[in-house]
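J.: One structure follows; several queries about it will come next.
The values are calculated or read from the model by the stated rules, or taken from the named source; none is laboratory data. As the structure is a computational prediction, the values presented were derived from the model and not from experiment. Glycine also receives a Cβ, built like all others from the backbone with ideal geometry; neighbour counts cover every protein chain displayed.
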Amino acid sequence: MMKVIKGLGIFVGLICSLLVFTVVCLVAINATDRTKSPNTLLVENWLKQQPIDLSENGYEYAITIVGTIGDDKTNDKKPLISFSEQEVELTDNFKTACYQTDLIICSQFISDNSDSIRNVIGAHKANIQQYNTLLDMPYWQEEPQSLTPNNQAHWGLLFKLRDVRQLAAIISVDTSDNKLDQQAAVAFLNKDAHFWNMVYHSSRSTLNHMIAVNMIKYQLNLASTLAKTTDAAVVTKVTAWQTSFELTDSDFERIFSGEWLFAHNVTEQMLIEVQSDSVAFYEKWLAYALLKPTDSDNLMAEYIVSLVKEPVSTTSMHTLKEPNYCSNDNYFQQLWMLRYNPIGKLFNCTVYGTDYKQRLTNMNTELEQLRTNLLTAKSS
């Protein structure tokens, strides 16, 4: 029995020694961070922006209207703007009745709901003026620190505000006329399209670019209904639609470098948060010992530069292959590849699951098809 106990003690001792040796090796291997790679320096160059006056920055003004996602988590901050369930339902029903339908259905909805529409417009008169001011902003420039989860603009509220502003454009509040005001609607579309086309070519992340795409789709869907009138040339009255929707290399550089910055900010924020007294010691140790921020930036930059330079895939297959440390048939070889900056590498593996360039290209193609349909309807 004593021999068994002694043998078991030796075995446990060897296992513990091996674990200690492994930890010591990991600490030694991860003792220093890398220097910035050429790809990281290139992406940082793509991120450079011309300085503008904050008072002319549409993004900054939008934040003053709707706030950020982080505001929802702050108990002492009241919502800057809010909409009732009935108001949201009304604007949703308007889209159903007036987007890519016909003027009879749309006009009937406006006539049946004219009182409710006027009540919503009256309740949000000040907010509507804020949206008008937003449309007059000459620039859209997202600040670097805005590209973090909590600092994202409260896009949902801005969508709802635009919906209410759209209602104010389609019916006159100064008369008892309950018909769709086509002239006012086209004038609104012209200003709204100009602004969101600017955002489309100025946004610095995939999410913000997709927001602009959705706003433009709303405009084109309403215009398709307005075009089914005696004034079928509505598309010619919206200046932003006179040129095709096209994403250039500089657009991809700007958008995807913003994704790099988002990842950089998340890593930086995490390293700050682990300093809190509420964080367990082992979590702090893991973050500082096994996460190398500059190497993580380099890994992400390699992905971003490859994504910008790769041709758009003509199939459903993603042309960028994930690194071997993300997926390897040889488990021990994969562990060996993850010996340095394992947390950073595992985080980097998550970005290879979606072909973002193809996704953006497909959205752009959809917008161009909607624009082309309007042009075709005008000429027929």
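J.: Got a number for residues in the range 213-242 being modelled with pLDDT of 90 or more, of a type in the set (V, I, T) and surrounded by fewer than 18 Cβ atoms within 10 Å (Cβ to Cβ)?
T.: 1
J.: Just one of L271, L261 is outside the structural domain of L220 (by TED's automatic domain parsing), touching a residue at least 12 places away in the same chain (Cβ under 8 Å) and more than 21 Å from V27 (Cβ to Cβ); which is it? Break it down stepwise before answering.
T.: Values: L271 fails: more than 21 Å from V27 (Cβ to Cβ).
L261 is the lone residue from the list that is outside the structural domain of L220 (by TED's automatic domain parsing), touching a residue at least 12 places away in the same chain (Cβ under 8 Å) and more than 21 Å from V27 (Cβ to Cβ).
J.: Quick test for you: out of P311, P293, pick the one residue that is under 24 Å from the mean Cα position of the chain (by Cα) and surrounded by fewer than 12 Cβ atoms within 10 Å (Cβ to Cβ).
T.: Numbers: P293 fails: surrounded by fewer than 12 Cβ atoms within 10 Å (Cβ to Cβ).
Within the list P311, P293, the selection yields P311.
J.: Just to be sure I understand, how many residues within the range 224-257 are assigned to a helix (DSSP H, G or I), farther than 23 Å from N373 by Cβ and either in the same structural domain as Q100 (by TED's automatic domain parsing) or out of contact with any Phe, Trp or Tyr (no Cβ under 9 Å at 6 or more places or on another chain) (or both)?
T.: So the answer is 2.
J.: Sort out which residues of the range 201-218 are over 16 Å from H154 (Cα atoms) and either of a type in the set (V, I, T) or assigned to a helix (DSSP H, G or I) (or both), and write them in order of number.
T.: V213, I216, K217, Y218
J.: Consider T68 carefully, then state whether it is buried (at least 18 other Cβ atoms within 10 Å of the Cβ) and modelled with pLDDT of 95 or more.
T.: no
J.: While we're looking at this one, here's another question. May I ask you to list the residues in the range 266-301 that are part of a helix (DSSP H, G or I) and of a type in the set (S, T, N, Q)?
T.: Going residue by residue through the range 266-301, those that are part of a helix (DSSP H, G or I) are 266-273, 281-290, 293-301.
Result: T267, Q269, T294, S296, N298.
J.: Which of the residues spanning the range 150-177 are at pLDDT 90 or above and exposed (fewer than 14 other Cβ atoms within 10 Å of the Cβ)?
T.: Within the range 150-177, G156 is the sole residue that qualifies.
J.: Any residue at all in the range 346-367 that is in a loop (DSSP other than H, G, I, E, B) and of a type in the set (K, R)?
T.: If we filter the range 346-367 for residues that are in a loop (DSSP other than H, G, I, E, B), which is where we start, we get 354-355.
From what is left, the residues that are of a type in the set (K, R) are none.
No, every residue in the range 346-367 fails to be in a loop (DSSP other than H, G, I, E, B) and of a type in the set (K, R).
J.: If you take the residues in the range 180-230 that are among the small types (G, A, S) and more than 20 Å from L167 (Cα to Cα), which one is farthest from the chain's Cα centre (by Cα)? Spell out the reasoning first.
T.: Residues of the range 180-230 that are among the small types (G, A, S), as a first pass: 184-185, 187, 193, 202-203, 205, 212, 223-224, 227.
Checking which are more than 20 Å from L167 (Cα to Cα) leaves us with 202-203, 205.
Values: S202: 12, S203: 9, S205: 5 Å.
For the range 180-230, the residue satisfying everything is S202.
J.: Sticking with this one: Going by the conditions given, is N298 within 26 Å of the chain's Cα centre (by Cα) and surrounded by 14 or more Cβ atoms within 10 Å (Cβ to Cβ)?
T.: Values: within 26 Å of the chain's Cα centre (by Cα): yes; surrounded by 14 or more Cβ atoms within 10 Å (Cβ to Cβ): yes.
Yes.
J.: Of (1) of a type in the set (A, V, I, L, M, F, W, C); (2) part of a helix (DSSP H, G or I); (3) closer than 30 Å to L261 by Cβ; (4) touching a helix residue (DSSP H, G or I) at 6+ places or on another chain (Cβ under 7 Å), M198 satisfies all except one. Which?
T.: The one condition M198 does not meet is (4).
J.: Further question on the same structure: Can you tell me which residue is farthest from G58 (Cα to Cα) among those in the range 86-132 that are in contact (Cβ under 8 Å) with a residue 24 or more places away in the chain and outside any helix (DSSP H, G or I)?
T.: D102
J.: Could you look through the range 333-349, keep only residues that are farther than 9 Å from S296 by Cα and among the aliphatic types (A, V, I, L, M), and pick out the one that is nearest to the chain's Cα centre (by Cα)? Break it down stepwise before answering.
T.: Our first condition is that a residue be farther than 9 Å from S296 by Cα; within the range 333-349, this holds for 333-340, 342, 346, 349.
Now narrow it down to the ones that are among the aliphatic types (A, V, I, L, M): 335, 337-338, 346.
Numbers: L335: 33, M337: 32, L338: 30, L346: 22 Å.
Taking the candidates together, the pick is L346.
J.: From L189, L180, L147, grab the single residue that is modelled with pLDDT under 85 and in contact with a Leu (Cβ under 8 Å, 6 or more places away or on another chain).
T.: Details: L189 fails: modelled with pLDDT under 85; L147 fails: modelled with pLDDT under 85.
Going through L189, L180, L147 in turn, just one is modelled with pLDDT under 85 and in contact with a Leu (Cβ under 8 Å, 6 or more places away or on another chain): L180.
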